[in-house]
Amino acid sequence: MTFDLTKLGWKAFQDLATAVAAEILKRPVQTFLGSNDGGRDGAFLGTWTGDDGQPVKSTLQCKFMGKPGANLTLANLKNELPKAEQLAKNGLAEDYVILTNAGVSGEADQEICAAFEAVGVKRCRVFGGSWIEQQLEESVRLRMLVPRIYGIGDLSHIITDHAYKQAKAILDNMGSDLSCFVPTDAYRDAVKALQEHRFVILLGDPASGKSTIAAILALGALDGGCIGAVKINAPDQLHLWHPGEKQLLWVDDAFGPNHFDVDRMSRWNAELGTLRAAIEGGARIIFTSRNYIWEAARPHLKLSAFPLLKESQVVVNVQELSENERAQMLYNHVRRVHPQAMRQRLKPFLPAAAANKAFLPETARRLGDPLFTNKLKLSVGRLKELVEQPVEFLTEVLEQLDTPSLGAVALIFLNSKTGVPSPIGQHPALDMVTRLLGVQPAAVAKAIEHLNDSLTRRLAAEDGDRWVFRHPTVNDAFAEIVARSPELIELYVHGAKVDRLVSEVVCAPLTAQHARVRVPALLFPALLGRLQDRLLDESFKSFLGARAGGGFLGKIIAARPDILEWAATANTDDLSPGSLLLLAALNAYDLLPEAARRRIVERLDDDAITWMQSKVFANDIYRQIFTNEEFNDLAARFRNEWLNDLENLLGHLRYSFSSGNELSLYEEFKDSMEKAEPFFFPDERPEPLDTFYLEISAHISMLEEEEPSSESSAWSAQATTSASISATSVAKDSSTIFDDVDD
């Protein structure tokens with residue numbers, strides 16, 4: 001098997017050289033030695049244990065040659081001899097290891113080593129391209145640490161049968177991602193976790209590179225002996241996976257795509273034992289999740305069934321990038337296809353873009369894509385917007401597309417969950433696009449190919465190829481465009497993400513406030529279909545209560561009996577704002593069954609009279625659940641029970657109530673009175689109420705003094721063990737990597 005190492009480029013070859021040093025030569029490097037050639041012939045310092053057991057400081061020299069078939073000679077290294085002499089004088093060259101992608105003859109090897117040892121290096125060794133290729137062929141881990149290798153070798157020599165077909169499909173689907181991939185510390189942590197624990201969770205926001213890393217890990221798992229890989233999105237797809245076989249399972253957005261899915265979490269808990277057994281049997285598993293969704297999911301995980309979830313080493317935040325890693329990503333993408341003139345224009349702005357902590361891998365891809373940069377007005381401020389506001393920038397790019405290209409984007413937008421089958425055939429979604437945008441199907445098909453690897457991507461699958469968005473943020477940006485146009489609202493309702501629909505649409509009459517995107521009654525059936533399986537969470541309740549209107553609310557409760565079932569059992573002790581809005585709206589439109597309404601009123605009444613809870617008087621929305629007679633009667637009884645004898649109220653409270661947490665109890669009493677005051681005493685505060693506040697505040701202060709001092713418990717977070725070559729990312733100042741970006 002052969003690898004054409006010249007296709008790697010100098011920077012990826014440095015990654016390979018440092019990985020070889022760590023994995024094969026057992027010499028992890030720590031420090032990069034700068035050079036005046038932009039770093040292409042990079043040298044690294046490392047400290048390791050010598051033959052006598054003592055720490056030894058040595059130098060690793062990389063020599064990349066871009067011409068296929070080139071051979072390394074001493075002439076190529078003449079400039080390094082004075083540097084090596086100085087390193088030797090400083091005690092930094094006990095030995096001097098030269099790694100090159102070029103060929104090295106026996107004669108050249110002897111001549112090079114003699115020259116370096118003559119200037120003070122104690123021992124010089126040269127490893128050429130053939131030796132490196134042999135190490136690559138023999139080491140799966142080495143290939144995984146420098147995954148661009150998979151794009152320059154014949155996979156059929158190392159991966160066979162069905163696994164080879166899947167590996168090739170992964171490579172095809174990655175497009176340009178692999179050629180520009182930078183092995184970050186986070187990636188190496190993920191490799192280590194998957195190899196040592198056979199399980200890893202990749203965390204990160206959209207555009208942070210989770211899917212790219214997961215795809216490369218899947219490729220490495222197939223290389224490492226897994227007989228197949230299965231990608232799913234939810235536990236109900238587990239039937240596609242065979243846990244008894246040595247397969248890889250890749251679960252994208254494991255705990256929900258946009259928000260924490262409680263139902264999905266409970267199903268995962270039921271399957272954790274199966275996952276554990278599969279890992280013990282040799283399978284490997286990758287979960288991806290957004291950070292905030294993972295934080296919401298963690299408390300609900302059944303750790304006893306899957307103890308690996310307790311291990312910090314298996315949780316890798318992929319968007320924690322160093323400035324140098326960001327710079328390497330940007331360099332790779334800008335160098336890939338831009339002509340020299342464009343690279344020269346971009347060059348002054350690249351260091352600042354890489355230094356911006358809001359930078360994500362998708363930012364680098366867009367700056368390397370002519371579709372995004374051809375009409376870009378270059379300035380510090382504009383580049384800052386691109387990095388910090390990627391969706392807004394992408395929206396501007398989409399607005400500049402011609403109509404067929406916009407139609408291609410619209411077609412995928414309408415099929416964002418499944419993708420558009422290739423070749424494109426007759427479909428209701430295509431009919432909608434041609435009707436609303438006035439574009440011919442043939443023009444859409446041609447445009448979707450033209451946008452390949454910029455805005456679109458053709459994915460290979462066993463049931464046929466499919467067109468999808470190059471990145472999920474294209475969906476968000478296009479939704480911004482169609483949401484602004486009343487004539488394109490049909491596209492929006494059919495294609496926008498459900499979470500976005502719930503947060504933006506208004507179905508109420510024209511008098512409704514905050515009308516971001518108004519949906520006409522004609523589109524209610526389409527919207528109802530999109531929301532049929534939506535979890536009844538806080539955001540959905542807020543939409544139904546505040547923006548659905550009577551017409552749509554009536555239709556959705558007829559289609560979803562779970563809404564009224566929830567209303568009949570809602571916990572009135574702690575109604576969330578969305579829950580309260582929904583109950584009030586149901587009652588206002590005569591959709592709330594009387595038995596459910598009476599139950600809510602009775603419980604709120606009991607809380608007010610028995611426990612002095614005044615929330616019904618502090619929030620007008622509660623009043624919409626009561627009849628006028630019920631509310632007025634409750635107000636009169638509350639005044640009589642709690643406000644008629646304010647001088648003795650504190651004594652009454654102390655006599656009537658006790659709690660294991662007295663401080664919290666009296667803080668709640670004070671808070672409740674403060675909420676009731678504007679309703680019962682709108683003009684001015686009576687003197688007895690002033691007295692009550694003084695007394696209860698003094699009582700609270702006394703209770704605070706009696707509280708035992710709570711010393712913060714000592715704890716230590718287990719640091720994620722980085723891979724043995726993590727220090728290679730400390731390569732050099734990010735500004736210098738761009739020195740030759742326009743060569």
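Just so you know, all these numbers are worked out from the coordinates, no wet-lab data involved. Computed from a prediction, not measured in an experiment: that's the story for all the values here. Here Cβ is always computed from backbone atoms with ideal geometry, including for glycine, and neighbour counts include all displayed protein chains.
Take the convex hull of the alpha carbons in the chain; its mean projected area over all directions comes to 41.2 nm².
So if I take the centroid of the Cα atoms in the stretch 561-575 and the same for the stretch 484-558, what is the distance between those two points in Å? Cα centroid of the stretch 561-575 versus Cα centroid of the stretch 484-558: 21 Å apart. In degrees between 0 and 90, to the nearest 10, how far off the longest principal axis of the chain does helix 106-118 point, with axes built from Cα atoms? On a 0 to 90 degree scale, this one is about 80. Cβ-to-Cβ counts within 10 Å put 418, 434 in ascending order as 418, 434, the fewest first. Overall form of the stretch 593-704: prolate. Here a/c, set by the Cα gyration tensor axes a ≥ b ≥ c, is 1.5 or more, and a/b is the larger of a/b and b/c.
Loop exposure criterion: GluC sites (Glu not before Pro), DSSP state outside H, G, I, E and B, at most 12 other Cβ atoms within 10 Å. Applied to the chain, the longest stretch between such sites is 1-461.
Classify the stretch 303-417: rounded, prolate or oblate, from the alpha-carbon gyration tensor (a ≥ b ≥ c, eigenvalue square roots; a/c under 1.5 rounded; otherwise prolate if a/b is larger than b/c)? Cα axes put the stretch 303-417 in the oblate bin. Estimated from helical segments only, the mean residue ellipticity of the chain at 222 nm is -14500 deg cm²/dmol, where each DSSP H run of four or more residues counts as -39500 (n - 2.57).
Working note: Karplus 6.51/-1.76/1.60 with θ = phi - 60° gives the stretch 501-508 the couplings 4, 5, 8, 10, 6, 10, 10, 6 Hz, where Gly and Pro are set to x. With a simple spin-label model that places each label point 7 Å from the Cα along the Cα-to-Cβ direction, the separation between residue 706 and residue 322 comes to 5.7 nm. Show log10 I(q)/I(0) for the stretch 155-317 at q = 0.12 Å⁻¹, two decimals, from a solvent-free Debye sum over equal Cα scatterers. So the normalised log intensities work out to -0.49. Rounded to whole numbers, the Karplus 3J(HN,Hα) couplings from phi for the stretch 230-236 are 10, 10, 10, 10, 8, x, 6 Hz, using 6.51 cos²θ - 1.76 cosθ + 1.60 with θ = phi - 60°, and x at Gly and Pro. Residue 468 sits among other residues whose Cβ lies under 9 Å from its own Cβ, and their net charge, with Lys and Arg +1 and Asp and Glu -1, is +4. Annotation: amide H of residue 250 within the under-5 Å range of 230, 231, 232, 286, sequence separation 5 or more or interchain, hydrogens built in the peptide plane.
Averaging Cα coordinates gives a centre for the stretch 662-699 and one for the stretch 324-339; these two points are 63 Å apart. Among the cysteines of the chain, those whose beta-carbon sits 4.7 Å or more from every other cysteine beta-carbon are 62, 180, 226, 507. Compared with the dominant principal axis of the Cα atoms in the chain, helix 428-437 is inclined by about 90°. Here's how it looks for residue 456: its modeled amide H is under 5 Å from those of 470, which are all 5 or more places away or on a different chain.
Backbone geometry of the stretch 281-296 corresponds, through the Karplus equation with coefficients 6.51, -1.76 and 1.60 at θ = phi - 60°, to 3J(HN,Hα) couplings of x, x, 6, 10, 9, 10, 10, 10, 6, 6, 4, 5, 6, 4, 4, 6 Hz, x marking Gly and Pro.
Counting every other Cβ atom within 10 Å of each residue's Cβ, 197, 699 order from fewest to most as 197, 699.
The residue list 625, 649, 614 was ranked by how far each Cα lies along the charge dipole of the stretch 593-704 toward its positive end, using unit charges on Cβ atoms, and 625 comes out on top.
Among the chymotrypsin sites (Phe, Trp or Tyr not before Pro) in the stretch 319-416, none is located in a DSSP loop while being surrounded by at most 11 other Cβ atoms within 10 Å of its own Cβ.
What is the helix-to-structure angle for 390-399, meaning the angle in degrees between its Cα long axis and the longest Cα principal axis of the chain, kept from 0 to 90 and rounded to the nearest 10? With both axes taken from Cα atoms, the answer is about 90 degrees. Ordering 342, 612, 144 from the fewest to the most neighbouring beta carbons within 10 Å gives 342, 612, 144.
Distant-in-sequence amide contacts of residue 126, defined by a placed amide H-H separation under 5 Å and a gap of 5 or more residues or a different chain, comprise 98. Charge tally around residue 523: other residues with Cβ under 11 Å, Lys/Arg +1 each, Asp/Glu -1 each, net +1. Other residues within the sphere of radius under 15 Å centred on the Cβ of residue 345, judged by their own Cβ, net out at +3 (K and R +1, D and E -1).
Just report the Cα centroid separation between the stretch 608-656 and the stretch 114-151, whole Å. Here the two parts' Cα centres lie 80 Å apart.
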